[in-house]
Amino acid sequence: MEIYSTKNDSKNLVITVIPSSDAKLDDPNEVIVIIHQKEDARRRKRQAVTINAEGNYEAEVLKSKLVEKPIVKIITSFIVDANQFPNKDIIVAQTEIDYSFNGGQVQGFETKYDTHKDEYNKGSDADETFRVTKRIEVLLT
Amino acid sequence: MKHIYIILGLFFSISVFAQEKASINDFNFESVTNPAFVLLDETPTQLHTPENLKSLSVYLANGFSNTNIAVEINPYWYIDFDEKRTYKKYRGFKERDGEEYIDPLIGLKTDWSFSLAYLEKEFEGFTGEKRVAGIGARTTIFKFYNKSRTKEVSKAITKTGVESELSTEFELYYVLETDNPKPGSGTCKSYAESIELQVQFQDVAKLFIEDEENTSLLQRLNIENITPEKLVEYYLAERCPKVESFVNNPKNIKPNIRIDGAIGYSVLFKEAEINASTANRFGSWLTADAAVRFNSSSYLHIYAIGKFVDDGFNIDEEGVYFNESFWDYGGKLELELNKFKLGYEYLKRSGDGDRFRSVGNISYQINEDITVTGGFGKDFPVDNNLVTILGINWGFDLGEKAFE
């Protein structure tokens with residue numbers, strides 16, 4: 001799992017999610033951000049996600065909450081239309097997501113098919129839907 | 001009752017025979033999707049669409065060694081445009097003076113496709129199978145959506161998911177509890193028969209109902225006693241029509257005018273070797289479709305087509321190859337009422353002898369696999385032929401083999 005290190009101060013951690021795909025983002029809750037415990041993923045807390053001025057998705061997390069729940073999980077859901085469906089596999093492979101973590105210092109992460117294949121769930125061959133799941137551990141220093 | 005079966009049996013036998021003798025229902029006025037296969041008179045049961053160029057090269061290497069290639073490549077999917085992709089950009093949405101419009105030339109960017117075929121096939125007049133290869137390209141040159149249809153497309157692709165609080169919260173819970181994507185139309189169709197899917201969704205529904213965090217929601221909605229089965233049914237009843245509506249939006253909201261172009265070239269190896277001399281067949285198509293809409297599923301299509309074919313896949317009695325070339329041009333009126341289509345087409349063929357095709361046809365799609373079609377008219381008659389056909393076209397997934 002990738003790690004983001006940040007000072008344990010009073011600033012919030014701002015997470016920006018920038019999806020790039022020919023598929024449609026499958027609303028509602030097309031981008032979900034949660035934080036959860038390291039040992040138990042079901043002990044989780046959902047974070048509010050808004051769309052910022054640039055049209056990207058943004059969530060703000062209190063660093064104090066990250067002490068108990070240091071894993072950030074970001075799920076992005078997609079759906080293709082009937083014309084795209086025969087090329088669903090290629091559209092999945094072309095889908096990329098950039099993530100920016102800003103808790104005082106900015107660090108970028110990404111999901112690309114060539115290098116992060118395990119983060120993609122293509123879904124069933126009969127379904128038009130697929131999803132990308134990113135997990136990043138926040139290390140408070 | 002027995003007599004009815006006998007009559008039906010005879011009727012369908014005659015229909016199949018008639019379909020082999022005349023091609024009254026197979027003139028394609030809509031876009032030519034795979035010109036390489038059209039030129040080889042082939043319809044592959046499965047087209048390979050490579051995930052990347054490496055996968056394509058492996059497929060081609062295998063295909064050339066066993067004479068079985070049926071591949072389609074859309075370059076748009078492989079090009080890194082160095083910009084953020086979105087579904088709206090893919091559909092060609094742009095803004096002018098604060099108003100949305102769909103770029104009528106977006107098809108030149110997104111709809112290019114190249115098809116490649118290589119197989120062994122026995123053509124009429126030839127003895128034995130010949131190796132043939134074909135290459136083709138097609139694109140949508142122009143598609144115009146007027147203001148009202150642009151607004152409809154925009155509406156159909158914005159806020160496409162569930163809206164009720166219960167479905168929204170359950171869907172969120174499902175996505176968090178499982179690693180699965182949200183359900184698509186495959187799940188919607190299979191759920192009622194699939195025990196596996198029922199268990200998968202209802203297990204999550206049980207957790208959702210038992211989760212203390214959802215107690216207040218269920219109380220507020222006055223459904224504390226809802227069963228997992230009912231909860232999933234409620235969710236899918238809302239989700240599935242919305243999936244269907246979004247997925248089929250390109251088919252349900254057609255452009256006012258659409259022009260497609262295609263070109264193809266194929267070679268027939270006269271001997272059973274790749275380095276043997278070849279006969280060639282060339283074809284090009286231009287099709288236009290003006291769609292007048294009456295309601296969400298009823299259209300009047302006015303089609304026009306221009307087609308040129310130079311066909312060298314001919315052999316005379318003395319074994320000498322020769323070329324025939326012709327132009328087809330004409331039009332078709334087709335009334336599309338949901339699953340029912342009624343049409344009339346007229347085509348003039350000029351070139352090696354002037355002929356025409358004048359055909360009325362009718363079809364009804366019973367389900368995704370079966371369409372009943374019928375036709376009546378004259379199909380490029382050499383003599384004064386009159387062809388009547390009523391039959392069934394059907395399609396099933398027949399497995400992995402590219403060509404039958």
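So which residues in region B:163-179 are more than 7 Å from chain A (Cβ to nearest Cβ) and outside any helix (DSSP H, G or I), if there are any at all?
Within region B:163-179, B:GLU163, B:SER164, B:THR178 meet the criteria.
Does any residue of region A:95-103 turn out to be surrounded by 18 or more Cβ atoms within 10 Å (Cβ to Cβ) and of a type in the set (A, V, I, L, M, F, W, C)?
Looking for residues that are surrounded by 18 or more Cβ atoms within 10 Å (Cβ to Cβ) and of a type in the set (A, V, I, L, M, F, W, C), one finds at least one in region A:95-103, hence yes.
Would you say B:GLY264 is under 23 Å from B:SER113 (Cβ atoms) and of a type outside the set (Ser, Thr, Tyr)?
Working: under 23 Å from B:SER113 (Cβ atoms): yes; of a type outside the set (Ser, Thr, Tyr): yes.
Spelling it out, B:GLY264 is indeed under 23 Å from B:SER113 (Cβ atoms) and of a type outside the set (Ser, Thr, Tyr).
For the condition basic (Lys, Arg), within 28 Å of the chain's Cα centre (by Cα) and more than 21 Å from A:ARG44 (Cβ to Cβ), what is the one hit in B:LYS182, B:LYS189? Let's see the steps before the verdict.
On the way: B:LYS182 fails: more than 21 Å from A:ARG44 (Cβ to Cβ).
Step by step, each of B:LYS182, B:LYS189 is checked, and only B:LYS189 is basic (Lys, Arg), within 28 Å of the chain's Cα centre (by Cα) and more than 21 Å from A:ARG44 (Cβ to Cβ).
In region B:97-124, what residues are within 26 Å of B:SER154 (Cβ to Cβ) and of a type in the set (D, E, K, R)?
Once the filter is applied, which keeps residues that are within 26 Å of B:SER154 (Cβ to Cβ) and of a type in the set (D, E, K, R), region B:97-124 yields B:ASP97, B:GLU99, B:GLU100, B:ASP103, B:LYS109, B:ASP111.
One residue is enough: does region B:324-343 have a residue meeting the conditions of a type in the set (Ser, Thr, Tyr) and either assigned by TED's automatic domain parsing to the domain that holds B:LYS121 or loosely packed, with under 14 Cβ neighbours inside 10 Å (or both)?
Taking region B:324-343 as the starting set, the residues that turn out to be of a type in the set (Ser, Thr, Tyr) are B:325, B:329.
Adding the requirement that they be either assigned by TED's automatic domain parsing to the domain that holds B:LYS121 or loosely packed, with under 14 Cβ neighbours inside 10 Å (or both) leaves B:325, B:329.
The answer is yes, given that some residue of region B:324-343 is of a type in the set (Ser, Thr, Tyr) and either assigned by TED's automatic domain parsing to the domain that holds B:LYS121 or loosely packed, with under 14 Cβ neighbours inside 10 Å (or both).
Of all residues in region B:120-141, which are closer than 20 Å to B:LEU60 by Cβ and among the hydrophobic types (A, V, I, L, M, F, W, C)?
B:VAL132, B:ALA133, B:ILE135, B:ALA137
Kindly state which strands (runs of 3 or more DSSP E) lie completely within region A:1-116 and contain at least 1 residues that are away from chain B (no Cβ under 14 Å).
In region A:1-116, the matching strands (runs of 3 or more DSSP E) lie at A:2-6, A:12-20, A:49-51, A:57-62, A:96-102, A:106-111.
Given B:ILE209, B:ILE223, which one is surrounded by fewer than 16 Cβ atoms within 10 Å (Cβ to Cβ) and more than 14 Å from chain A (Cβ to nearest Cβ)? Give the derivation first.
On the way: B:ILE209 fails: surrounded by fewer than 16 Cβ atoms within 10 Å (Cβ to Cβ).
None of the others qualify; the one that does is B:ILE223.
Is there a residue in region B:133-143 that is surrounded by 15 or more Cβ atoms within 10 Å (Cβ to Cβ) and over 22 Å from the mean Cα position of the chain (by Cα)?
Of the residues in region B:133-143, the ones surrounded by 15 or more Cβ atoms within 10 Å (Cβ to Cβ) are B:133-143.
With over 22 Å from the mean Cα position of the chain (by Cα) added as a condition, the list becomes B:133.
Among the residues of region B:133-143, at least one is surrounded by 15 or more Cβ atoms within 10 Å (Cβ to Cβ) and over 22 Å from the mean Cα position of the chain (by Cα), which makes the answer yes.
How about region B:59-98: which of its residues are within 9 Å of chain A (Cβ to nearest Cβ) and of a type in the set (S, T, N, Q)? Before you say what the answer is, go through the steps one by one.
Pass one, region B:59-98, residues within 9 Å of chain A (Cβ to nearest Cβ): B:72, B:74, B:76-78, B:80, B:83-91.
Correct list: B:ASN74, B:THR86.
List the number of the failed condition for B:ILE315; all other conditions in (1) under 24 Å from B:PHE356 (Cβ atoms); (2) surrounded by 14 or more Cβ atoms within 10 Å (Cβ to Cβ) hold.
Among (1) under 24 Å from B:PHE356 (Cβ atoms); (2) surrounded by 14 or more Cβ atoms within 10 Å (Cβ to Cβ), B:ILE315 violates only (1).
Which residue out of B:LYS254, B:LYS242, B:LYS189 is outside any helix (DSSP H, G or I) and within 14 Å of chain A (Cβ to nearest Cβ)?
On the way: B:LYS242 fails: outside any helix (DSSP H, G or I); B:LYS189 fails: outside any helix (DSSP H, G or I).
Of the residues listed, the single one that is outside any helix (DSSP H, G or I) and within 14 Å of chain A (Cβ to nearest Cβ) is B:LYS254.
What about B:LEU197, is it within 14 Å of B:GLU233 (Cβ to Cβ), in a helix (DSSP H, G or I) and either of a type in the set (Phe, Trp, Tyr) or modelled with pLDDT of 95 or more (or both)?
On the way: within 14 Å of B:GLU233 (Cβ to Cβ): yes; in a helix (DSSP H, G or I): yes; either of a type in the set (Phe, Trp, Tyr) or modelled with pLDDT of 95 or more (or both): yes.
For B:LEU197, the condition - within 14 Å of B:GLU233 (Cβ to Cβ), in a helix (DSSP H, G or I) and either of a type in the set (Phe, Trp, Tyr) or modelled with pLDDT of 95 or more (or both) - is met.
Can you name the residue in region A:117-141 that is away from chain B (no Cβ under 14 Å) and hydrophobic (A, V, I, L, M, F, W, C) and is also nearest to A:ASP26 (Cα to Cα) among such residues?
Kept after step one, since they are away from chain B (no Cβ under 14 Å), are these residues of region A:117-141: A:136-141.
Filter once more, so that each one left must be hydrophobic (A, V, I, L, M, F, W, C): A:136, A:138-140.
Working: A:ILE136: 23, A:VAL138: 27, A:LEU139: 31, A:LEU140: 33 Å.
Filtering region A:117-141 for residues that are away from chain B (no Cβ under 14 Å) and hydrophobic (A, V, I, L, M, F, W, C), the one nearest to A:ASP26 (Cα to Cα) comes out as A:ILE136.
The rows are residues; the columns are (1) among the acidic types (Asp, Glu); (2) more than 27 Å from the chain's Cα centre (by Cα).
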residue: B:ARG220; (1), (2): no, yes
residue: B:GLU224; (1), (2): yes, yes
residue: B:LEU231; (1), (2): no, yes
residue: B:PRO255; (1), (2): no, no
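The values are calculated or read from the model by the stated rules, or taken from the named source; none is laboratory data. Everything quoted here is computed from the prediction, not taken from an experiment. Because the Cβ atoms are built from the backbone with ideal geometry, glycine has one as well, and the counts that use them run over all protein chains shown.
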